[in-house]
Amino acid sequence: MKAIFFMVCQALCLYLIVCIDSRLDFKWQVWKKTHGKQYKKASELQKRTIWEENLRKINAHNLQYKRGKTTFKLGMNQFGDLTSSEFASMLSSYSVKHVRDITLSAADLRSAASQLNLTSIDYRKLGYVTPVQDQGFCGCCWAFSAAGAIEGQTFNKTGKLRALSKQNLLDCSEYLGNQGCTGGRPSLAFQYVIDNGGIQAEATYPYTMVRTCRFNSSKVAATVANYKYLPIGDEQALADALATIGPISVVIDASQISFQFYLSGIYNDPKCSVLNLSHAMLAVGYGFQGSNNYWIIKNSWGTLWGVNGYLMLAKDKNNACGINRMSSIMMAN
């Protein structure tokens, strides 16, 4: 039995070696160095094969982009050694059934926004948004999304922008149903800050991915008064809320390989689900390129993903990727 297993492994290794394109050796070494990748000898061949297959898919997509068949480009990044299924397993799962009945009125939002009549807004330029960070291989997008929303509302109230502690949310909100690195919801993070009387700054409670609640009430940096959801599926309500309130926590489908390797352009993949939500982010504005409208969305996968860490998602395209199926807004005290 052991002999058969050895022969199978040997055959697999020979197959992988044959499949490897030696012309990509230099690019492979540069990619590993850029992203700090180190492998045991036994696994490097397999990872290299996955990386090359992903690179082929990226190049094939970008050829379609050059031909004007798609509106966005792909690029190799830190997820290059992951299969689509491995990448998808890192994401969360969100259900709209968790959305509370407490929602903002679309009519009230429209009334307030119509007075501004904005065709674009970018809260990065207005000082509401902290630099992009990298959550690493911890499924805590919900904490980064929630912290970003609180940072924006706190800036709106105080005029001071401070990075808030994602780790504080990770460590201390489990009693509400959040599960640290295995998933959670921005709205539950807001509820924790309400219950807790505040959240600490990143400077006093840094991101480590180690889970032991160490909250210190004497170091509160921001508070939350309440939170509400936006009307499900109403993109106009999301635009109106962005125009009148500030950055907003959103949840979208991020499971497609096109999202895994998104680099630039207006993301509009017909395979992107409007129902199966998997990743929390922060909407920080909207704009347009010619006749194409887009949302500006902050991610938490570092600056080497997307447009310096941001996604330009197609706007007014039938709620692309479920952009407004689970959006939540909080108000600072």
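The values are calculated or read from the model by the stated rules, or taken from the named source; none is laboratory data. Values in this document were obtained by computation on a predicted structure and should not be read as measured data. Every residue, glycine as well, gets a Cβ built from its backbone with ideal geometry; the counts of neighbours run over all protein chains shown.
Can you tell me which residue in the range 216-236 is farthest from Ser105 (Cα to Cα), limited to those that are in a strand (DSSP E or B) and small (Gly, Ala, Ser)?
Filtering the range 216-236 for residues that are in a strand (DSSP E or B) and small (Gly, Ala, Ser), the one farthest from Ser105 (Cα to Cα) comes out as Ala221.
Could you give every pair whose Cβ atoms fall below 8 Å, whose first residue belongs to the range 221-243 and is closer than 18 Å to Phe190 by Cβ, and whose second residue is assigned to a helix (DSSP H, G or I) and of a type in the set (Ser, Thr, Tyr), counting only separations of at least 6 or pairs across chains?
Pairs that qualify, where the first residue is closer than 18 Å to Phe190 by Cβ and the partner is assigned to a helix (DSSP H, G or I) and of a type in the set (Ser, Thr, Tyr), are Ala221/Thr154; Ala222/Thr154; Tyr227/Ser187; Tyr229/Ser187.
Need the failing condition index for Ser291 against (1) within 24 Å of Gly75 (Cβ to Cβ); (2) free of Cβ contacts under 8 Å to residues at least 24 places away in the same chain, just the number.
So Ser291 meets the others, but not (1).
Six or more apart or on different chains, Cβ under 6 Å: which pairs go from a residue in the range 199-212 that's free of Cβ contacts under 8 Å to residues at least 40 places away in the same chain to one that's outside any loop (DSSP other than H, G, I, E, B) and of a type in the set (Lys, Arg)? Could you list them?
Partner pairs satisfying both residue conditions: Gln200/Lys219; Thr204/Lys219.
In the set Ser278, Ser300, which member is buried (at least 24 other Cβ atoms within 10 Å of the Cβ) and either within 15 Å of the chain's Cα centre (by Cα) or among the aliphatic types (A, V, I, L, M) (or both)?
Values: Ser278 fails: buried (at least 24 other Cβ atoms within 10 Å of the Cβ).
Going through Ser278, Ser300 in turn, the sole match is Ser300.
Results for (1) among the hydrophobic types (A, V, I, L, M, F, W, C); (2) touching a strand residue (DSSP E or B) at 6+ places or on another chain (Cβ under 7 Å); (3) more than 24 Å from Ser258 (Cα to Cα), shown as yes or no for each residue.
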{"residue": "Phe87", "(1), (2), (3)": "yes, no, no"}
{"residue": "Leu91", "(1), (2), (3)": "yes, yes, no"}
{"residue": "Ala113", "(1), (2), (3)": "yes, no, yes"}
{"residue": "Asp122", "(1), (2), (3)": "no, yes, yes"}
{"residue": "Gly139", "(1), (2), (3)": "no, yes, no"}
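Could you grab the pairs with beta carbons closer than 7 Å, sequence gap of 6+ or different chains, first residue in the range 45-66 and under 13 Å from Leu24 (Cα atoms) and of a type in the set (Asp, Glu), second one surrounded by 12 or more Cβ atoms within 10 Å (Cβ to Cβ) and at pLDDT below 95?
Glu52/Ile20
With the structure loaded, tell me whether Ile266 is modelled with pLDDT under 95, surrounded by fewer than 23 Cβ atoms within 10 Å (Cβ to Cβ) and either β-branched (Val, Ile, Thr) or not in a strand (DSSP E or B) (or both) or whether it fails that test.
no
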